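Single-structure report; data block below.
The values are calculated or read from the model by the stated rules, or taken from the named source; none is laboratory data. Here the structure is a predicted model, which means the values were calculated and not measured. Quick reminder, even Gly has a Cβ in these numbers, built from the backbone with ideal geometry, and neighbours come from all protein chains shown.
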Amino acid sequence: MKQTKIIHVPTLFGGDILQKRKEIKEYFNRVFERYESLFMLLSSDQAYYTKAIPLRHPLIFYFGHTATFFVNKLKFAKIIHHRIDARMESLLAIGVDEMSWDELDDTQYDWPSVDEVRQYRDQVQAVVNELIDTLPLSLPITQESPWWVILMGIEHENIHLETTSVLIRQLPLDLVIHSKHWRHCDLQSDAPENKLLDVPEGAVFLGKTEPSDFYGWDNEYGTHHAQIPAFKASKYLVSNAQFLSFVQDWGYREDRFWEEEGKRWKNECGVSHPTFWVPSDDGYRLRTLTEVIPMPMNWPVEINCHEANAFCNWLSEKSGTKVRLPTEDEYMRLYDFCGVAKLFDDPGKTPANIDLAYYASAGPINIFGHGEFFDVVGNVWQWSQTPIYPFKGFKVHPVYDDFTVPTFDGRHNLIKGGSWISCGNVALPQSRYAFRRHFFQHAGFRYVQSSYEEHIESNSYESDRIVAQYCHFGWGESFFGVANYPSTCAKLALEAMVDKHKRNALDLGCAVGRSSFELARVFDRVTGVDFSTRFIRHAQTLKRTGHLRYSLPVEGDIEDFYEISLGEFDLDTVAHKVEFWQGDACNLKAHLSGYDLIFAGNLLDRLYDPKRFLESLYDRLSPGGVLILTSPYTWQEDSTPKERWIGGFKRDGENLFTLDGLKEILEPGLILKETRDVPFVIRETARKYQHTIAQMSIWEKSDAL
């Protein structure tokens with residue numbers, strides 16, 4: 001059990017600027033290169049293009065994704081001003097959120113070659129190193145600092161180190177090779193008998209405030225306090241041997257042990273044993289990163305949350321003692337009681353199988369003692385019964401607004417404690433990562449016997465001010481005799497499409513989806529795209545459930561509450577024709593093409609490169625296709641650098657209006673057919689409204705080019 005050199009997380013504080021640059025630079029390069037070393041386990045280029053599971057991209061995506069993340073976030077934050085490779089930074093930008101086990105992504109992608117991605121990663125590494133050498137730096141590093149974005153990219157890479165290793169673990173064996181740098185543990189024996197031990201009552205105080213010692217994701221900030229009554233927790237993580245008893249007792253066949261969602265997953269997927277167990281003549285063997293080995297009975301079982309819950313229900317029935325998964329609060333009480341934080345004060349030894357300090361796999365459950373318990377942190381993640389939720393005072397970080405918000409849906413359960421490959425922020429006790437309950441990670445569980453009832457403060461009404469305004473803008477009542485804007489725009493668009501094909505429509509800047517659903521009344525297929533996942537998740541919620549709830553301020557702390565449904569608008573019957581995706585309108589994926597209509601509502605003057613956006617539209621339209629733009633032309637340097645405005649300024653002493661700029665860019669490929677004014681009103685409070693007039697311009701693709 002030889003410990004290797006571990007990579008420590010840089011602190012945000014310090015007194016020596018040069019030393020801090022050196023520390024972050026060393027950290028960045030080690031994390032970046034360690035991630036690349038994981039891909040050295042692939043035996044051939046074929047492995048990069050083979051899907052480990054149908055619901056995820058092939059590994060070529062993940063090889064390049066973490067690098068494109070750096071560029072896209074640095075550009076969004078205006079730290080850099082030029083892209084390295086626009087195609088890469090679109091194609092490899094957004095992954096597949098495995099929301100359900102039956103949602104297949106059948107999109108065909110023109111993936112780059114492995115060598116192209118390697119060269120791209122080299123370029124990104126050089127750019128980030130130059131920024132680390134030259135960016136102004138003041139300490140401590142705060143969330144407003146450009147250095148926060150660099151740390152964000154590094155910790156994002158640490159996350160994908162772990163999630164990618166899970167995918168490699170699910171590849172066919174002939175597509176992976178052994179490596180001395182990624183060796184699994186070779187310690188195996190019989191498993192110790194598990195038992196429940198006492199944890200005394202105590203208080204937990206969760207959440208971080210600024211300034212904090214280390215980088216943290218948005219969900220870590222805020223406050224949460226709870227008083228935890230005394231409870232019992234299992235001394236060890238549940239081992240392969242202990243879980244085998246559940247399997248041999250037909251635990252996967254007996255529906256009564258499974259909660260409704262888990263039962264549907266189990267039955268529809270035909271599951272009969274843990275995913276990393278390989279049936280053999282003598283029972284089961286275990287799949288590690290690159291090998292299938294004899295079943296290590298004293299290692300923790302690695303399963304999803306549904307399986308962990310079913311085991312707890314089975315054990316409760318067998319033992320006559322009700323046990324369940326711990327809550328996040330109970331886990332943190334156990335962490336505090338065992339004094340785990342103090343164990344990490346010794347810089348010479350890592351007191352857990354974490355941070356790749358020992359093995360490239362799990363190991364025996366009885367090696368790392370933390371008080372009376374073992375593996376309170378490390379070895380494998382531990383499922384909790386707590387769906388992730390925001391702490392009081394939670395705020396979205398504007399550079400990565402879709403990191404956590406999409407998971408506040410009651411469907412993503414927190415995992416705690418980290419695993420053998422958890423590095424950087426992922427290994428810190430404050431980290432809060434959550435996955436869908438059917439998701440596979442290097443995750444196992446321990447169980448508790450407890451009377452604690454978790455109370456999560458959550459507001460089922462969307463209260464984010466901007467998002468709620470757009471919910472009302474799209475679906476609320478009209479004001480001052482001005483008709484609903486997205487509905488009006490869709491109606492005018494359909495009028496412009498008379499006697500034209502109405503197969504596919506693209507709605508850019510779709511916000512919460514009203515115009516997309518309205519277009520689906522006539523079009524066979526509508527794709528809605530918006531840069532903000534906060535908007536997209538509400539559009540997806542409407543499509544999935546048919547309902548949306550939000551609140552708006554009346555005055556001060558007084559709010560109005562609203563609930564709308566697609567059925568109220570006779571749109572429930574067309575929802576199946578609409579799909580929603582997050583995307584950057586200035587750098588859309590190549591396959592978004594072949595549209596009879598492209599509608600971009602109130603988008604133009606909020607783009608960082610409107611000329612690039614406009615120039616890309618001709619090739620995305622079908623012959624004779626129609627482009628409709630609406631905008632009030634309220635150009636602002638916060639959104640668009642002034643040198644990239646396409647109108648609203650003087651050129652050569654003469655006024656250049658935006659419509660003139662549009663003609664210069666779009667003609668002669670697109671012919672201007674009509675313009676008209678379309679007013680809209682946005683409510684802020686009961687007594688404050690924005691009344692604006694947008695110009696709609698309707699363009700038709702010329703067949704002459």
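Overview of results
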{"quantity": "Residues (at pLDDT below 95 and outside any loop (DSSP other than H, G, I, E, B)) located in region 322-350", "calculated": "Val340, Ala341, Lys342, Leu343"}
{"quantity": "Residue tally, condition under 20 Å from Ala434 (Cβ atoms) and surrounded by 14 or more Cβ atoms within 10 Å (Cβ to Cβ), over region 194-232", "calculated": "15"}
{"quantity": "Within region 43-63, tally of residues that are part of a helix (DSSP H, G or I) and hydrophobic (A, V, I, L, M, F, W, C)", "calculated": "5"}
{"quantity": "Of all residues in region 312-336 being within 32 Å of the chain's Cα centre (by Cα) and more than 16 Å from Tyr452 (Cα to Cα), the one that is surrounded by the fewest Cβ atoms within 10 Å (Cβ to Cβ)", "calculated": "Asp336"}
{"quantity": "Test: Arg432 is assigned by TED's automatic domain parsing to the domain that holds Leu289, farther than 21 Å from Glu220 by Cβ and within 21 Å of the chain's Cα centre (by Cα)", "calculated": "no"}
{"quantity": "Residues of region 124-153 classified as in a helix (DSSP H, G or I) and surrounded by 15 or more Cβ atoms within 10 Å (Cβ to Cβ), total", "calculated": "14"}
{"quantity": "Count of region 404-435 residues which are surrounded by fewer than 21 Cβ atoms within 10 Å (Cβ to Cβ), farther than 24 Å from Tyr27 by Cβ and not hydrophobic (A, V, I, L, M, F, W, C)", "calculated": "4"}
{"quantity": "Residue in region 2-11 that is modelled with pLDDT of 95 or more and buried (at least 17 other Cβ atoms within 10 Å of the Cβ) present", "calculated": "no"}
{"quantity": "Residue in region 233-247 that is surrounded by fewer than 19 Cβ atoms within 10 Å (Cβ to Cβ), part of a loop (DSSP other than H, G, I, E, B), modelled with pLDDT of 95 or more and not assigned by TED's automatic domain parsing to the domain that holds Pro140 present", "calculated": "no"}
{"quantity": "Residue in region 616-632 that is at pLDDT 95 or above, of a type in the set (A, V, I, L, M), closer than 26 Å to Ser487 by Cα and more than 37 Å from the chain's Cα centre (by Cα) present", "calculated": "no"}
{"quantity": "Sole residue being surrounded by 15 or more Cβ atoms within 10 Å (Cβ to Cβ), acidic (Asp, Glu) and at pLDDT below 95, chosen from Asp560, Asp596", "calculated": "Asp560"}
{"quantity": "Sole exception among (1) part of a helix (DSSP H, G or I); (2) exposed (fewer than 15 other Cβ atoms within 10 Å of the Cβ); (3) of a type in the set (Gly, Ala, Ser) for Gly262, by number", "calculated": "(2)"}
{"quantity": "Per-region count, region 154-182, residues in a loop (DSSP other than H, G, I, E, B) and modelled with pLDDT under 95", "calculated": "2"}
{"quantity": "Ser622 being surrounded by fewer than 21 Cβ atoms within 10 Å (Cβ to Cβ), hydroxyl-bearing (Ser, Thr, Tyr) and in a loop (DSSP other than H, G, I, E, B)", "calculated": "no"}
{"quantity": "Which numbered condition Glu291 fails, given (1) surrounded by 15 or more Cβ atoms within 10 Å (Cβ to Cβ); (2) under 24 Å from Gly378 (Cα atoms); (3) of a type in the set (D, E, K, R)", "calculated": "(1)"}
{"quantity": "Any chance Ser622 is hydroxyl-bearing (Ser, Thr, Tyr) and in contact with a helix residue (DSSP H, G or I) (Cβ under 9 Å, 6 or more places away or on another chain)", "calculated": "no"}
{"quantity": "1 or more residues over 22 Å from Leu607 (Cβ atoms): qualifying strands (runs of 3 or more DSSP E) within region 630-700", "calculated": "654-656, 670-685"}
{"quantity": "Among the residues listed as Tyr633, Tyr618, Tyr608, the single one being farther than 29 Å from Leu494 by Cβ and in contact (Cβ under 8 Å) with a residue 60 or more places away in the chain", "calculated": "Tyr608"}
{"quantity": "Qualifying residue in region 202-211 (condition: in the same structural domain as Ile80 (by TED's automatic domain parsing), out of contact with any helix residue (DSSP H, G or I) (no Cβ under 9 Å at 6 or more places or on another chain) and farther than 19 Å from Gly378 by Cα)", "calculated": "no"}
{"quantity": "Any hit, region 480-494, residues being in contact with a Gly (Cβ under 6 Å, 6 or more places away or on another chain), over 30 Å from His156 (Cα atoms) and of a type outside the set (Phe, Trp, Tyr)", "calculated": "yes"}
{"quantity": "Any hit, region 64-75, residues being in the same structural domain as Pro172 (by TED's automatic domain parsing), surrounded by fewer than 18 Cβ atoms within 10 Å (Cβ to Cβ) and not in a loop (DSSP other than H, G, I, E, B)", "calculated": "no"}
